[in-house]
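Asker: Got a structure here, written out as structure tokens. Questions coming.
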Amino acid sequence: MPAPDPKSQRPQRIAVLPGDGIGRDVTAEAVRVLEAAAERWSLPLELVHLPYGADHYLATGVTLPPGQMDEFRDRFAAILIGAYGDPRIPDMRHAADILLGIRFQLDLYVNFRPCKLYDARLCPLKDRSERDVDFVIFRENTEGAYVGMGGNFKKGTADEVALQEEVHTHKGVDRIVRAAFEWARANGRRKVLMADKSNVMRYGHDLWQRVFAEVAGEYRDLESSHLFVDALCMQMIKAPQQFDVIVTNNMFGDIVTDLGAALQGGLGVAASANRHPGRVSMYEPVHGSAPKYAGTGRANPMGAILSAALMLEDLGHLEAAREVEAVVAAAIRAGETTVDLGGSLTTAEVGARITRAVASGAAVAG
Ligand code: NAD
Ligand code: IPM
Ligand code: MN
């Protein structure tokens, strides 16, 4: 689907897939917030609720029906996802088809994961202010260790051999690195850092080195630098204020974004957008399905709500997007949170307060 025009009142169809575990709890709240935003700003959103997830797969044997990916591509403006993962499906077959399927088959090569501290009290590091933790991670989302290439030989025996390949292509590295530089330039950020393990991965990660140097040469107005990923982890803890934009491969991006989430106060508040500029994109919190919390009211819906705000932004509804983020930030500062952020509210109570504030334009009650 071409880039949507917010001014036309053509409905923007959003596929909503809550998925499994707390994915369902947090998505219900994100949906309430979106409905309030649609009402307040007269947004032409049409939410289409889809049941695909562990329960549906176990009941029907179907992860996603045939043709669903084409439907997403041709008939939707965006996809909003909760989380996938269920202990009854240990090989994550359904998540591979749905979550990774959407990322790969829709070619959503930019996994955009902001790391922003909304309240200094939430940072596990001592003496850090909100200004110290405010960067974005560009995670490559269609290649690397996630391609599922490999195999077993003599499986289940003491002689077993397992191979798991990484794939890095010039095109794939070039486009994610370029996306990171472009975003930095468009958003007034000065520094782009690439992290790899090219001291050991002499083929794939060496390609990252060479492509990064090439692309950086086209953005001389910005500062480019490099850290090996182990050193990056150390620096994220030691001096997070040094980062603006970090770009890295799929697996390292997965790992460092959980670390980044911890700097923000935890996985409950971390948001993401899976983008292919100009095409239908997918939005989801960084966290998983945390099965032990499902249905208990402990899940923080803010990561899901902030992901919905990223979706509003991409759909052209900038004012709504900014307001939703501001309301979440205000709720955090007012201590109107679930227990993971030190509050005492349930998932639905947090969602209801944010929804009310978005609907009325008033700040969240303290
Ligand atoms: P997880 O993110 O589900 O949970 C890890 C811990 O983080 C939880 O025990 C909890 O303490 C905290 N947490 C996560 N989300 C929270 C929230 N919204 N509010 C409050 N606390 C929250 O990771 P896991 O336990 O490693 O994985 C559980 C399942 O989820 C697995 O099946 C895994 O594969 C899957 N998973 C899915 C996604 C996804 O769908 N994008 C992401 C990560 C993990
Ligand atoms: C994430 C998750 C997924 C990933 C899993 C559930 C496949 O951890 O979105 O961060 O590894 O990408
Ligand atoms: Mn992850």
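Asker: What about LEU306, is it within 28 Å of ALA195 (Cα to Cα) and either under 20 Å from the mean Cα position of the chain (by Cα) or of a type outside the set (D, E, K, R) (or both)?
Answerer: yes
Asker: Quick one: in the range 186-211, which of the residues that are under 22 Å from the mean Cα position of the chain (by Cα) and surrounded by fewer than 15 Cβ atoms within 10 Å (Cβ to Cβ) is nearest to ILE137 (Cα to Cα)?
Answerer: ASN187
Asker: Six or more apart or on different chains, Cβ atoms under 6 Å: show the pairs whose first residue is in the range 344-366 and closer than 19 Å to TYR293 by Cβ and crowded, with 19+ Cβ neighbours inside 10 Å and whose second is modelled with pLDDT of 95 or more and among the charged types (D, E, K, R).
Answerer: Going by the 6 Å Cβ cut-off, the qualifying pairs are THR347/ASP25; GLY351/GLU29; GLY351/ARG32.
Asker: Hey, which of the strands (runs of 3 or more DSSP E) in the range 87-184, taking only ones fully inside, have at least 2 residues that are in contact with a Leu (Cβ under 8 Å, 6 or more places away or on another chain), of a type in the set (A, V, I, L, M, F, W, C) and surrounded by 11 or more Cβ atoms within 10 Å (Cβ to Cβ)?
Answerer: Answer list for the range 87-184: 110-116.
Asker: Related question: Would you please name the residue that is farthest from ARG103 (Cα to Cα), looking only at residues in the range 256-308 that are hydroxyl-bearing (Ser, Thr, Tyr) and more than 12 Å from ligand 3 (Cβ to nearest atom)?
Answerer: Here the answer is THR296.
Asker: Of all the residues that make up the range 216-265, how many are surrounded by fewer than 21 Cβ atoms within 10 Å (Cβ to Cβ), within 13 Å of ligand 1 (Cβ to nearest atom) and small (Gly, Ala, Ser)?
Answerer: Residues in the range 216-265 being surrounded by fewer than 21 Cβ atoms within 10 Å (Cβ to Cβ), within 13 Å of ligand 1 (Cβ to nearest atom) and small (Gly, Ala, Ser): 1 in total.
Asker: Only one of LEU106, LEU80, LEU122 is more than 15 Å from ligand 2 (Cβ to nearest atom) and either over 13 Å from GLY53 (Cα atoms) or in contact with a Ser or Thr (Cβ under 8 Å, 6 or more places away or on another chain) (or both); which?
Answerer: None of the others qualify; the one that does is LEU122.
Asker: With a cut-off of at least 3 residues that are modelled with pLDDT under 95 and over 14 Å from the mean Cα position of the chain (by Cα), name the strands (runs of 3 or more DSSP E) lying wholly within the range 238-292.
Answerer: In the range 238-292, there are no strands (runs of 3 or more DSSP E) which contain 3 or more residues that are modelled with pLDDT under 95 and over 14 Å from the mean Cα position of the chain (by Cα).
The values are calculated or read from the model by the stated rules, or taken from the named source; none is laboratory data. All values derive from a computational prediction rather than experimental measurement. Every residue, glycine as well, gets a Cβ built from its backbone with ideal geometry; the counts of neighbours run over all protein chains shown.
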